[in-house]
Structure formats: structure tokens, C-alpha cells
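Worksheet for the structure shown next.
Throughout, read-outs are computed from the coordinates displayed, never taken from laboratory work. Because the structure is predicted, anything quoted here is derived from the model rather than measured. Note that we place each Cβ from the backbone using ideal geometry, even for glycine, and neighbour counts take in every protein chain shown.
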Amino acid sequence: MHLSDKRFAALLMVPAAAFLTAFVAWPLARLVIDSFYEISPIKGGPREFVGLANYAEIFTSESFLGAAGRTIAYTAIVVTAEFVLGLATALLFSALGQRSSVLRTVFLYPLMIAPVVAGLLWRFLLIDNSGIVNHLLFRAGLLDSPNQIGWLSDPDIVLWAVAIPDIWLTTSFMTLVLFAGLQNIPGDLLEAARLDGAKAWTMLVRIIVPLLRPVIAVALIVRGIDAAKAFDIILIQTGGGPQNASQTLSLLIYQTMIRFREPGLASAMGTVYLLAMLAVATVAVWYIWRPGVDR
Amino acid sequence: MKPRSVPAARPSNRRARTGVTALTLSAALALSACGAGGSDDVATDDGESAAGAITVLVEGGGLAELQPVADAWKADTGNEVTFVELPYDGLYDRLSTELASGNVSFDVAALDAIWLTAFADGVLPLDDMFTDEVTADLYPALLDEAKVGGQYIGMPVWTNAEVLFYRSDLFEDPAEQEAFETEYGYGLAAPTTWEEYRDVAVFFTRDTDGDGAIDMYGTDVKGAVETEWLATVLQAGADGMVLDADGNVIIDDAAHKAALDFYIAPLIEDGSAPEGAAQIGWAEAQNLFYQGQTAMMRFWAHAYTQTPEDSAVFGKVGVAPMPAGPGGIGAVPGAWYLSVPTATQNTDLAKEFIQFAFDNNELGLNTALGLAATKPALESLVGVEGHENLAALIETLEADGTMPRPATDKWQQIVDTVLVPMLQKAVVGDADTQQLLDDAKAQVEAILG
């Protein structure tokens, strides 16, 4: 039987497509369908079509809007910090050249730690009364008492505190990606700029960053999506508290579905969350990366 | 870092589409990964069940309690019990997802009291097991709680309640006793009233090593959990916790206000509790006490037998009922119930096991948890060395003020979104407690619809 290349390619995609249909498309379709119903949390209970009522409820709900705002803030904090630190480290490694190989390996270790473990570790470091960080600051004379900073109990700073382990954990990922990108910048280009008298800052802003643009876009999108769905690392540190000040959308959806047992409402939240992520990713792709446009 | 191009008529568009598809899928995967976990499709094997085996879903403490029962059951009947042990939150999540899917992997589940109403529709009524003999052996608060919608849906197997733990070495030290009596005009002993409790807490708050920072506090204030405050509401003589018997929201009444003021007083007024209360829950309070940083701790009775050997206070812990407020002694019982999911095929054997666990309730007393639920079982070890906590537990369970939490399936939501955030605002210090309670009332009414 003669098979055209196109058909052969299509045939090769069948297993993956079947897998994705069963495990991604179908659950997603169910998610969207469920969001239009009020559903009993026990199997066999009533299931009532309520149209857009669940959506109306979440868009007027303080907890949903609050959690959405906190998710954006958390993502911005984490991604910005990781990008700045990651780029600085990547430039340092690049400047060190071969001598940085041991440092690069050591720097990657946090990436291999499970988020739950990192969250727990930092919880012990930051927690009031017995946290090591506050005790060290107190011993160093920077604090008047070991309880002065309530890292995890002060609603005003808790979002920053829960971001610390995430930054600690994944800055190395950012470094890794950006370092790989730096390797691809032609040396003669930098050499030419240097001969033209460009200073380090000019070279960074005018040459390195523009050439790194696709790499930066990928790194920011991947980390942005990852940070926006932060769950375990926050759950283990604060459980979303105090006063819900560290509750992000994924925690709220989990809480609504599992603890408050409202599958319909949780599905609506999940759908909105999904659409928002898709919109952000699409915009990011077109405006930052522009695949297919050869620069 | 561009996607690898594939031979196609219009490479740029194709590449673009590949990129968008990849992103769409990654976002979709990201979302499905953080959604609620699906149920484990490990349905009970019917063939195996017929041969006399059941699966019991328990929390860690429950496993210790039920293992001797399962061993005795096997010796008696030959029936096997397989335990599936999960951490507390994991157990709730598992029950929630499995009962929602209607596909359960267990025949009996140990349910915490606060979950009964939420899961009532997914478990079988057990009314036929509650004979007069059975009900006579159980504390009224546990019977009330086991009944949801007019039917008994869970058999209590062990119960807990908060009691007061104190540093017996300090309380029995003649020098401390003399100093206390000189300062307060009465003898130093485990406090029996709210006033005494605050006095003792202030008395033991001190800088022991002279470095200018307080090393030992009198007690703790827990802002991350709500049950202890609810107990003080009962001690204040309230008609109910948050809701009265008719379902009216009474969280703004005088008793709730008195309870809240008393609850935060050691932290706000007396300075006899450590800062950071918003994140102090059960585990943190235990850490403080076991490290010798607090002289008193209100905690669940089972902890009496569990003081770690390497703790600074090992062998120096005394136990008494929690101090009484204007309404007397009161606490929220922390009972666990065995229930049978409607979806299991193994109903008869499951009920048989529950009956056996009830009949042999005393087997749980010599376990790590060391608890039971029936009056005869608990009373059997009163006065026996090493079980001093049982007398305090029984006195608390028999007190008029002791009652179960309100039976509403929205309870968990009320706790998570109203009560705990309210306590966390209260422990900040500059809050108007009446205003907090008024706001809480509006929020609870909104949740209940």
C-alpha cells in the first residue's frame, strides 16, 4: 500500500493524539461542561443546569478576585526575581567560561529538590518563635526580638515570604536556560562591539538581551505558567493563610473542590483560569517570540 | 530556541501553529496537573471480599487504635482487615474524591467528627446498630454528633477532647509555689478558672537566661486553628458554637465576644503567649511546649502518653481539664466514627467489623493513641498510672458545656473562610473584637444562604 508522507506523518501522530484526547481533551471538556452545573459532591446526588450562574458567582466573589490578584502578584515577584538573578548568574558563568563548570553543577542542586521539601525546609527556617532566620538576624543584632518579623504570619509580607523558596528552587532553571542561550551568541559579534568601544552595559542592553530574546521568551513563559500554578510550595508553608493572604488561584480551586465540595463552582474557576493562561501564553508568543518571523 | 521546523508548504505558519499548539497543551497540562486529584480506581475486589476481607481507610492515629481490634477480629473470625493509612488532610481529600466518583476503594472509613455531615449522603445509616445497650455506653455529645438528618451514620470508636497540660515540675516546685502565693494570694495549682489561667500564664512568662528576650511563656494562643476558641465559647456559656440549635447564627452574641476576648488576652493584654500566633496550630503549640518554651498547653488528651523522650519536658507533664469559664467546663469532643460507604459491596462484613470494634473498644487504650469512646472502656483505666489523662478527659466529656460542632455541611467552609481568618485578625492586636464577630456573622449567613 502506498502511503504519502503526509498520511504517514498523520498515522504516526495517532497514538499521541489518542492519548491526549483521552487524558487532556476529554477531562478539559468535562471541566467546561461541569462549570455550567451545580453538582452534588456525592455520586448519585442531584446535578442541576445553572447556565452561567457559577461564572456570575466567581466574578462577584471577593475570594476569587483576591486570589487572582495574588496569583498575578506572586507570578510577577517570582519570575522577576528569578529572571534578574538568573541572568546575572548566567552572565557570571559565561564570563568565567570553563572555570564555572563546578559552580554550575552546584548551582543546579536546588532544582532537584521537590517543591514540598523546599517548602517545608523554608517553613522551618522562617516560622515565628523557632525559625532560624529570625534567630540569626536577632543574634546579628539586626532585630530587637526573634519574633519581630512574622514572615509567615504577617498578611502584609507573607506573599513575599512564600515566594522565597520558589525563587531559591528555580533560579537555577532560569540560569540554565539563559546560559545555554548565551553560548549561542557569536563571539565575533561581541568582539566587534568591544572593538567599537561598547561598554559592558551597552553590550548587555544592545546586543546580548536582543539576541537572547527568543530564549528569554521561552524561559519567562515556562516559568510564568509554572509559577502561576504554584500550589504545593505554598500549601506546605501557610496553607493559603494567614487571612488568605497567600491563597493563590490553584489553592482556591483545590479548596473549593475538595474542602468545600463544590465541583461546579471549582470547574468554573478552573475554566476561567485555563482561558486566562491560554490568553497570556498566546499574547506572549506573538509579541515576544513571534515564531516564524526570522529576525 | 525555536521549534524544530517540519517540511511543509508554509514553514513559518506551520511553525507558528506548532508553537501555539505546544503552548496550549502545556497550559492545559499545567492546569490539569494542579486540579483536584482523581480517584484511585482501586475498586474493592468482590471475590476477595466474599472470602472475608475488608479494607479500612484510616488516619495514622486510627491505625494504631484499630490494629489490635483487627488482630483480635482475625483471631476470632478469620476475617482479614487491610488498612489504608493516610495523613489527616490526605484522608479527607481521598474520601471527598472517592465519594464524589462513587467508586470507593474501602469498605469502612474512620471519619473525623467534623466530616460526618459533609459525607452523610455517601455513607449508610447504622441505626440498627444503636441498640439501647450501645447508646447507654456512649457520651451524649457523641450520640448527638453521630446522628445526621435523624439517622446514626457513624459508630464512635475513640474520642478525644482538649485538656490542659502543664509543667508539673514547675507547678510542684516549692519556690515557685511560694512566689506565686505571695504575688497572687492563692496557691499555685493547675488553673480551674479563666482568671487563674491568666494569672498562672503571666507568672511563668519570663526571661530565664537574662538575654533580654523572653524564653518561656505561660501559654500559647493558636491562631491557625479554631477548635480551641470554640471550646472557650462553650466555657463562656454560649447556646452553641457559631450556630444555635435552630441554626441561627449567634457568633456575635456576648458569650462569643467574651470567649474571643479571653482567648486572645494572653497575647494581646498579658504578653504571656508568644508572637506569631496567626501561624500557631496544633503542631507548633506542641513544639513550643515540648521545647520548654511554654509552661501550659491546651491540647488533645491523647498527647499525654506521647511526650517525646528527648523533649525537655519528658516526665514533667501534668494534666487537668481545661479551665472553666462563666459557663463551666466545656470542650469540643474530637471523636472519630467508623462509617460504611454506600458504594461498597461489602456491607455486612463492614458492619460486623464495626460492631466488633465497639464491643472490644478497650483494646484501643493500650495503643499509641491510648483512647476509646465508650464509658466502660475509658473508665476501666482511671487511676491507673500512665493514664492520668483519662480522668480529665472523662470529666470534660461529661461536662454540661461539652457539645459537638453544629451539624451543617458548610462547616468546613465556615471554618476555613470565616473562623480562622477572624482569629488571625484578632491576634494582630488592634482589632475591635465585636466588629470582627459582626463581620463574621454576615459572612456565615452568606455561606449558609
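Evaluate the range B:316-449: find the radius of gyration of its Cα atoms, find its Kirkwood radius, and give the ratio Rg to Rh.
Result: Rg/Rh = 1.07.
For residue A:286 and residue A:98, what is the calculated FRET efficiency with R₀ set at 41 Å and r taken between the beta-carbons, to the nearest 0.05?
Given R0 = 41 Å and the Cβ-Cβ separation, E is 0.60.
Which of the peptides A:252-259, B:322-329 is most tightly packed, and how do the rest follow, going by the mean number of other Cβ atoms within 10 Å of each residue?
Highest-to-lowest ranking by the protection proxy: A:252-259, B:322-329.
So how tilted is helix B:433-448 from the main axis of chain B? Cα-based, degrees 0 to 90, rounded to 10.
Its long axis makes an angle of about 30 degrees.
Where in the range A:195-218 does the amide nitrogen come within less than 19 Å of the point 7 Å from the Cα of residue A:108, taken along Cα to Cβ?
Once the point is set 7 Å along Cα→Cβ of residue A:108, nothing inside the range A:195-218 turns out to lie under 19 Å by backbone N.
With +1 on the Cβ of every Lys and Arg and -1 on the Cβ of every Asp and Glu, and nothing else charged, how large is the dipole of the protein assembly as shown about its Cα centre, in debye rounded to the nearest 20?
Result for the protein assembly as shown is approximately 6500 debye, rounded to the nearest 20.
May I ask you to work out the translational diffusion coefficient for the protein assembly as shown at 20 °C, viscosity 1.002 mPa s, via Stokes-Einstein with Rh from the Kirkwood sum over Cα pairs, reported in whole µm²/s?
Roughly 74 µm²/s, to the nearest whole number.
Please compute the modelled spin-label separation between residue B:74 and residue B:435, points set 7 Å along Cα→Cβ, answer in nm with one decimal.
My value for the distance between the label points is 6.1 nm.
Residues of A:139-146, mean number of Cβ from any other protein chain within 10 Å of their own Cβ, rounded to a whole number?
Rounded to a whole number, the mean comes out at 2.
Run through every distinct alpha carbon pair of the range B:170-232 and return the Kirkwood hydrodynamic radius in angstroms, one decimal place.
Result for the range B:170-232 stands at 13.2 Å.
Report the label-to-label distance for residue B:144 and residue B:206 in nanometres (one decimal), using points 7 Å from each Cα along the Cα→Cβ vector.
A separation of 4.2 nm, rounded to one decimal place.
Quick one: which of A:105-118, A:264-277 comes out on top by average Cβ neighbours within 10 Å, and what's the full order, highest first?
So the peptides A:105-118, A:264-277, ranked by packing, come out A:264-277, A:105-118.
Could you size up the charge dipole of the range B:111-150 around its Cα centre, putting +1 on the beta carbon of Lys and Arg and -1 on that of Asp and Glu, and report it in debye to the nearest 20?
For this selection, approximately 160 debye.
Sort out for me the Cα centre separation of the range A:203-278 from the range B:231-281, rounded to whole Å.
Cα centroid to Cα centroid, the span is 35 Å.
Taking the convex hull of the Cα atoms, report for the range A:48-99 its projected area averaged over all directions, in nm².
Its Cα hull, projected and averaged over all orientations, spans 6.0 nm².
Considering every Cα-Cα pair within the range A:65-289, what fraction, in whole percent, is farther apart than 23 Å?
57 percent
Just to check I understand the Karplus step: with θ = phi - 60° and J = 6.51 cos²θ - 1.76 cosθ + 1.60, what whole-Hz values come out for the range B:170-176, glycine and proline as x?
Values, residue by residue: 6, 5, 9, 6, x, 5, 5 Hz.
What angle, in degrees between 0 and 90 and rounded to the nearest 10, separates the Cα long axis of helix B:388-398 from the longest principal axis of the Cα atoms of chain B?
Once rounded, one gets 80 degrees.
When a/c is below 1.5 the answer is rounded, else prolate if a/b is larger than b/c, else oblate, so apply that to the range B:201-273 with a ≥ b ≥ c taken from the square roots of the Cα gyration tensor eigenvalues.
prolate
Counting only other chains, and only Cβ atoms inside 10 Å, what mean value do you get across the residues of B:283-293?
1
Hey, can you rank A:148-157, B:302-311 by average C-beta count inside 10 Å, highest first?
Final packing ranking: A:148-157, B:302-311.
Which three numbers, in whole Å and largest first, are the semi-axes of the equivalent ellipsoid of the range A:220-270 derived from its Cα gyration tensor as √(5λ)?
Here the semi-axes work out to 19, 15, 8 Å.
If you project the alpha carbons of the range A:127-173 onto their three principal axes, what span does each projection cover, largest first, in Å?
Principal axes ranked by extent give 36, 23, 16 Å for the Cα atoms.
So what's chain B giving for Cα Rg divided by 2.2 N^0.38 Å, two decimals?
In units of the 2.2 N^0.38 Å rule of thumb, it is 1.14.
Taking only DSSP H segments of four or more residues, each worth -39500 (n - 2.57), what value at 222 nm results for chain B once the sum is divided by all its residues, to the nearest 500 deg cm²/dmol?
-12500 deg cm²/dmol
What whole-number distance in Å separates the alpha-carbon centres of the range A:4-81 and the range B:285-360?
One Cα centre to the other: 40 Å.
Can you give the mean number of other chain Cβ atoms that lie within 10 Å of the Cβ atoms in peptide B:409-420?
Mean inter-chain Cβ contacts per residue within 10 Å come to 3.
Per residue of the range A:188-200, what does 6.51 cos²θ - 1.76 cosθ + 1.60 with θ = phi - 60° give for ³J(HN,Hα)? Whole Hz please, x for Gly and Pro, Karplus curve as stated.
Once θ is set to phi - 60°, the couplings for the range A:188-200 become 5, 5, 5, 4, 4, 4, 4, 5, 6, x, 6, 7, 4 Hz.
I need the phi-derived Karplus couplings for the range A:71-82: 6.51 cos²θ - 1.76 cosθ + 1.60, θ = phi - 60°, integer Hz, Gly and Pro marked x.
Ordered by residue, 3J(HN,Hα) equals 5, 5, 4, 4, 4, 4, 4, 5, 5, 4, 4, 5 Hz.
Mind checking which lysines have their C-alpha under 20 Å from residue B:425, skipping anything on the same chain fewer than 8 residues away?
List returned: B:222, B:257, B:441.
Over chain A, what is the relative contact order in whole percent, taking alpha-carbon pairs under 8 Å and six or more residues apart?
Relative contact order here is 29 percent.
Sequence-distant or interchain residues sharing an amide H contact under 5 Å with residue B:296, placed H: which?
HN-HN under 5 Å from residue B:296: B:219.
For residue A:37, what residues show an amide H to amide H distance below 5 Å, using hydrogens built from the backbone and excluding near sequence neighbours?
Result for residue A:37 returns A:50.
Helix B:88-101 against the longest principal axis of chain B: what's the angle in degrees, Cα atoms only, rounded to the nearest 10?
40 degrees
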